[in-house]
Ligand code: DAH
């Protein structure tokens, strides 16, 4: 029995994995194992022999069983340690960067403009990109014969013969959203309307689709002074400068009276634009007091209400702020260009956290 004990305790101690250990269990204490066979021999012994051999065999069996289970636990622990060592992970390492794509400068600038005007109490209005010529022209005091229609290089939607719905156009500006908003909500109003507009034109500064943002404020006592303040606040916030000088140049738009084009003081020293200083002027938008006929066309009583409007090219102010030389590149879908001029996907422009 001492030989059996030494043999099995030695083999168990040396077992390298659980499969070997299981073989040993079968060999020693399994049904046909050595110790079980010995126990069967107890029957052939004399009562005296049995009295000492029986308890001794049982004790040996217990000893081997507990050596087996102790070894099993030790092997499991070692296997776990081994796995933990292999799967070790330094959670303090920086993450692995993955390209998520970038925000297009037009989207970025639209968000910036929206954040600035939202801060001044303007909400965002929308209108259809395919609109009737009434909303795009007539309601804005641009009648059929008016030269502004020709100037705008309008895309007209095809009409089948006998179709007598009103003619539809791809909107040539965001100004029709003024009419739709006045019709929908009545006065007072404070909205901006950013969006796509279309004109049949193509060169370094013109693309057949581009973006504008319209502004409209209607109330009882709104004047050009309010327009001037709002635009100054906007330009300062947008170009992220403390001071700007605006120049209001008398102009003409059919839908405003009086009308003004607005320039900002700037310099182009060394080929880069600086806003707020210098001897140059940069035209950035058209504006004016909403024409009484336009209010009337949209169902707002011009004897009671008045207001200002403005229209600005989003692509243009994006090019100016971010130094983008060619308008056409905006719409080329060139990935290298987008990576260069694009913005981080998770940085949403806000006034408190920074626009750009
Ligand atoms: N709709 C004009 C354009 O596309 C821009 C504009 C000028 C809009 C004056 C206005 C405005 O609201 O008051 O050229």
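If you go through the stretch 166-176 one residue at a time, do you hit one that is within 15 Å of residue 310 (Cα to Cα) and not in a loop (DSSP other than H, G, I, E, B)? Checked against the condition, which is being within 15 Å of residue 310 (Cα to Cα) and not in a loop (DSSP other than H, G, I, E, B), the stretch 166-176 yields at least one hit. State whether one or more residues within the stretch 202-214 are modelled with pLDDT under 90 and within 16 Å of the ligand (Cβ to nearest atom). Yes; the residues of the stretch 202-214 include at least one that is modelled with pLDDT under 90 and within 16 Å of the ligand (Cβ to nearest atom).
When 154, 181, 174 are screened for being touching a strand residue (DSSP E or B) at 6+ places or on another chain (Cβ under 8 Å), in the same structural domain as residue 110 (by TED's automatic domain parsing), modelled with pLDDT under 95 and within 13 Å of the ligand (Cβ to nearest atom), only 154 passes. Any residue in the stretch 263-280 that is over 24 Å from residue 356 (Cα atoms) and either within 14 Å of the ligand (Cβ to nearest atom) or without any contact (Cβ under 8 Å) to a residue 60 or more places away in the chain (or both)? There is at least one residue in the stretch 263-280 that is over 24 Å from residue 356 (Cα atoms) and either within 14 Å of the ligand (Cβ to nearest atom) or without any contact (Cβ under 8 Å) to a residue 60 or more places away in the chain (or both). Scanning the stretch 134-156 for residues that are free of Cβ contacts under 8 Å to residues at least 40 places away in the same chain, assigned to a loop (DSSP other than H, G, I, E, B) and exposed (fewer than 15 other Cβ atoms within 10 Å of the Cβ) returns 143, 144, 145. Just one residue in the set 260, 250 is more than 32 Å from the chain's Cα centre (by Cα), more than 10 Å from the ligand (Cβ to nearest atom), assigned by TED's automatic domain parsing to the domain that holds residue 113 and assigned to a strand (DSSP E or B); that residue is 250. Given the criterion out of contact with any strand residue (DSSP E or B) (no Cβ under 6 Å at 6 or more places or on another chain), part of a helix (DSSP H, G or I) and under 30 Å from residue 318 (Cα atoms), identify the matching residue among 82, 111. Of the residues listed, the single one that is out of contact with any strand residue (DSSP E or B) (no Cβ under 6 Å at 6 or more places or on another chain), part of a helix (DSSP H, G or I) and under 30 Å from residue 318 (Cα atoms) is 111.
Looking across the stretch 310-337, the residues that are within 16 Å of the ligand (Cβ to nearest atom) and touching a helix residue (DSSP H, G or I) at 6+ places or on another chain (Cβ under 6 Å) come down to 314, 315, 327.
Selection over the stretch 215-233 of residues that are outside any strand (DSSP E or B), within 14 Å of the ligand (Cβ to nearest atom) and crowded, with 16+ Cβ neighbours inside 10 Å gives a count of 5.
The values are calculated or read from the model by the stated rules, or taken from the named source; none is laboratory data. Just so we're clear, the structure is a prediction, and the values are computed from it rather than from any experiment. When we count neighbours, we look across all protein chains shown, and the Cβ atoms used for this are built from the backbone with ideal geometry, even at glycine.
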